[in-house]
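Report on the following structure.
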Amino acid sequence: MTKTDILTVTMNPALDVSTSTDKVTDTHKLRCTAAKLHPGGGGINVARVVQRLGGDCLALYPAGGAKGQLLRQMLDQEQVRSHCVAIADETRESFSVHEVSSGRDFRFVLPGPALTPLEWEACLEYVSVLEVPPRYLVASGSLPPGVPDDFYARLARLARARGSLVVVDTSGPALAAALAEGVYLVKPSLRELRDLTGRPLTTEPQWREAARQIIKDGQAQVVALSLGEDGALLVTADRTLRAQSVPVKVESSIGAGDSFVGGLIWALNRNADLEQAFRYGMAAGAAAMLTAGTALGQAADVERLHNEVTVAPA
């Protein structure tokens, strides 16, 4: 019997390939450092963080081809429990380059394999037949070709009917459809919130009001708004918390958002209150930035950094 507290769903996983070079320019050959490979995709990164923190988690994802086999092996090596739905097409790669001279990251994201209806429906079927539904279901990342925009909405409907709390971290039509269905927690970036509302949202009071409107409309109970270097907001029906980012030496910003979700949900699953969980989310995001590519953070760094997070009512 498969049982887990936290189930992550990653419909468009990837092998994350990362390297660095002094300066990114056109035309010329760019001499890079040796490539580093990590398992990637939103929910997979969330599961990797939860596992490192000692949480009970399982990662569900479709994968195929030689890259899909390598992805499975790498998750096994990290001792991340997973269930792979086999697909005919080849799992994608994502490629990132860290520009040493500026500290900037350049990310090249491929669309991913096209899934057939039987393949993506098998992912829904897996969730529907779990003998014990998870306490939290985290749906994170983009949808690959062939998967309908309302996939996460269908997943949310299915999971909610079985008593799971649904967390969504995606963008575009998939995010809008999931919110229309209603979820427990959503983690938009400021850009994604602007896309959702169709408004410029230039001030912090406007950010708070837009988040509160999502809650008033019954689309989510909690909004975790990530603001990059400016920290984050956590908004519920009766409370708004503001966290400042933790100053760290940034090796790479890739995976920080997924790590935030991982730390937050790990803490909530341990029955931490929202403020404490918010601190752990911020700490996990900061810990991810200490490592190159998508190596993600270590538990010791998360534990150390969570004491440095400043959270205040907003």
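The values are calculated or read from the model by the stated rules, or taken from the named source; none is laboratory data. Nothing here was measured: the structure is a model prediction, and the numbers come from that model. Here Cβ is always computed from backbone atoms with ideal geometry, including for glycine, and neighbour counts include all displayed protein chains.
Go through segment 234-276 and report how many residues are part of a loop (DSSP other than H, G, I, E, B), of a type in the set (Asp, Glu) and either in contact with a strand residue (DSSP E or B) (Cβ under 9 Å, 6 or more places away or on another chain) or in contact (Cβ under 8 Å) with a residue 60 or more places away in the chain (or both).
1
Kindly check whether there is at least one residue in segment 194-206 that is crowded, with 17+ Cβ neighbours inside 10 Å, in contact with a Leu (Cβ under 7 Å, 6 or more places away or on another chain) and part of a loop (DSSP other than H, G, I, E, B).
Among the residues of segment 194-206, at least one is crowded, with 17+ Cβ neighbours inside 10 Å, in contact with a Leu (Cβ under 7 Å, 6 or more places away or on another chain) and part of a loop (DSSP other than H, G, I, E, B), which makes the answer yes.
Please tell me if residue 189 is surrounded by fewer than 22 Cβ atoms within 10 Å (Cβ to Cβ), small (Gly, Ala, Ser), out of contact with any strand residue (DSSP E or B) (no Cβ under 7 Å at 6 or more places or on another chain) and farther than 21 Å from residue 269 by Cβ.
No, not satisfied.
Taking the options 236, 202, name whichever one is polar (S, T, N, Q) and closer than 28 Å to residue 59 by Cα.
Just one listed residue meets the conditions, 236.
What are the residue pairs meeting all of these: first residue in segment 131-160, first residue free of Cβ contacts under 8 Å to residues at least 12 places away in the same chain, second residue part of a loop (DSSP other than H, G, I, E, B) and surrounded by fewer than 18 Cβ atoms within 10 Å (Cβ to Cβ), Cβ atoms under 8 Å, and 6 or more apart or on different chains?
If the second residue must be part of a loop (DSSP other than H, G, I, E, B) and surrounded by fewer than 18 Cβ atoms within 10 Å (Cβ to Cβ), no pairs are left.
So which residues in segment 272-304 are surrounded by fewer than 24 Cβ atoms within 10 Å (Cβ to Cβ) and of a type in the set (Ser, Thr, Tyr), if there are any at all?
The one that is surrounded by fewer than 24 Cβ atoms within 10 Å (Cβ to Cβ) and of a type in the set (Ser, Thr, Tyr): 291.
How do the strands (runs of 3 or more DSSP E) wholly within segment 92-178 filter down when requiring 1 or more residues that are closer than 20 Å to residue 6 by Cα: which remain?
136-140, 165-169
With of a type in the set (A, V, I, L, M), within 20 Å of residue 125 (Cα to Cα), outside any loop (DSSP other than H, G, I, E, B) and modelled with pLDDT of 95 or more as the only criterion, which of 59, 88 stands out?
59
Is it fair to say residue 213 is closer than 25 Å to residue 267 by Cβ, surrounded by fewer than 23 Cβ atoms within 10 Å (Cβ to Cβ) and either in contact with a strand residue (DSSP E or B) (Cβ under 7 Å, 6 or more places away or on another chain) or not small (Gly, Ala, Ser) (or both)?
So residue 213 fails the test.
Mind listing just one residue for me: the one in segment 73-92 that is surrounded by 18 or more Cβ atoms within 10 Å (Cβ to Cβ) and of a type in the set (D, E, K, R) and, of those, farthest from residue 282 (Cα to Cα)?
Only one residue fits best here, namely 89.
Only one of (1) surrounded by 24 or more Cβ atoms within 10 Å (Cβ to Cβ); (2) touching a Lys or Arg at 6+ places or on another chain (Cβ under 6 Å); (3) under 25 Å from residue 131 (Cβ atoms) fails for residue 14. Which number is that?
Of everything listed in (1) surrounded by 24 or more Cβ atoms within 10 Å (Cβ to Cβ); (2) touching a Lys or Arg at 6+ places or on another chain (Cβ under 6 Å); (3) under 25 Å from residue 131 (Cβ atoms), residue 14 misses just condition (3).
Examine segment 18-36 for a residue that is within 26 Å of residue 119 (Cα to Cα), surrounded by fewer than 22 Cβ atoms within 10 Å (Cβ to Cβ) and of a type outside the set (Ser, Thr, Tyr), and state whether such a residue exists.
no
Please state which of the following conditions residue 124 fails to meet, knowing it meets all the rest: (1) in contact with a helix residue (DSSP H, G or I) (Cβ under 9 Å, 6 or more places away or on another chain); (2) more than 25 Å from residue 151 (Cα to Cα).
Residue 124 satisfies all of (1) in contact with a helix residue (DSSP H, G or I) (Cβ under 9 Å, 6 or more places away or on another chain); (2) more than 25 Å from residue 151 (Cα to Cα) except (2).
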